[in-house]
Amino acid sequence: MSKLCQGPSCHMYDTTDRKRGPKGNKRNQTRTVNRYGYGNGDFCTLNCQNDWWKEHGTRAVDYIGRLREPKAMTPENSWIKRENYYTWQRENNEPRYYFRNVCTQEERPLTEQQFNDTSYTLNTGE
Ligand SMILES: [Zn+2]
């Protein structure tokens, strides 16, 4: 079954694809989320995502845990995975996949397997 859009007012937007029911008694219904859905596939449009956020966003942040202290970039938490997509980027024998430390600018090559492993990281601190 298709996922329904979680926008609290999705059914209030008047579009032809929302109209359902027998002729003469059509009414607007919540859309299903298509494969290009927004907000991790929970909303049919950014409008619906924004509607949800206006209604529930602050409670969601409080429920998940509000940030109370500022975070800081350090060499220990600043490794991000990068990919050289284009052949012109790899012509100088640059690696296809690499880590880049956005704090120190250091770069280290990665294997494709390490790149695709979402738990593989060089980060050691918050
Ligand atoms: Zn929607």
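The values are calculated or read from the model by the stated rules, or taken from the named source; none is laboratory data. Just so it is clear, the structure is predicted and the values come from calculations on it, not from any experiment. Don't worry about glycine lacking a Cβ; one is built from the backbone with ideal geometry, like all the others, and counts go over all protein chains shown. To get the accessible areas, we keep the full protein, side chains included, count just its heavy atoms, and leave off ligands, DNA and RNA. Shrake-Rupley method; radii C 1.70, N 1.55, O 1.52, S 1.80 Å.
Scanning region 82-106 for residues that are among the charged types (D, E, K, R) and farther than 16 Å from Thr124 by Cα gives Arg82, Glu83, Arg90, Glu91, Glu94, Arg96. Considering region 108-125, and only residues there that are among the hydroxyl-bearing types (Ser, Thr, Tyr) and more than 23 Å from the chain's Cα centre (by Cα), the residue that is least open to solvent (accessible area, probe 1.4 Å) turns out to be Thr111.
Take the residues in region 63-107 that are β-branched (Val, Ile, Thr) and free of Cβ contacts under 8 Å to residues at least 12 places away in the same chain; name whichever of them is most open to solvent (accessible area, probe 1.4 Å). If you could, list the steps in order and put the result at the bottom.
First pass over region 63-107, keeping only residues β-branched (Val, Ile, Thr): 64, 74, 80, 87, 102, 104.
Subset that is free of Cβ contacts under 8 Å to residues at least 12 places away in the same chain: 64, 87.
Working: Ile64: 138, Thr87: 92 Å².
By that ranking, first place goes to Ile64.
Across region 67-99, the qualifying residues are those that are within 22 Å of the chain's Cα centre (by Cα) and of a type in the set (S, T, N, Q), and the one among them that is nearest to Thr111 (Cα to Cα) is Asn84.
Restrict the check to region 53-62 and report whether at least one residue is open to solvent by 40 Å² or more (accessible area, probe 1.4 Å), under 24 Å from Glu126 (Cα atoms) and either modelled with pLDDT under 95 or of a type in the set (A, V, I, L, M, F, W, C) (or both). Yes, region 53-62 contains at least one residue that is open to solvent by 40 Å² or more (accessible area, probe 1.4 Å), under 24 Å from Glu126 (Cα atoms) and either modelled with pLDDT under 95 or of a type in the set (A, V, I, L, M, F, W, C) (or both).
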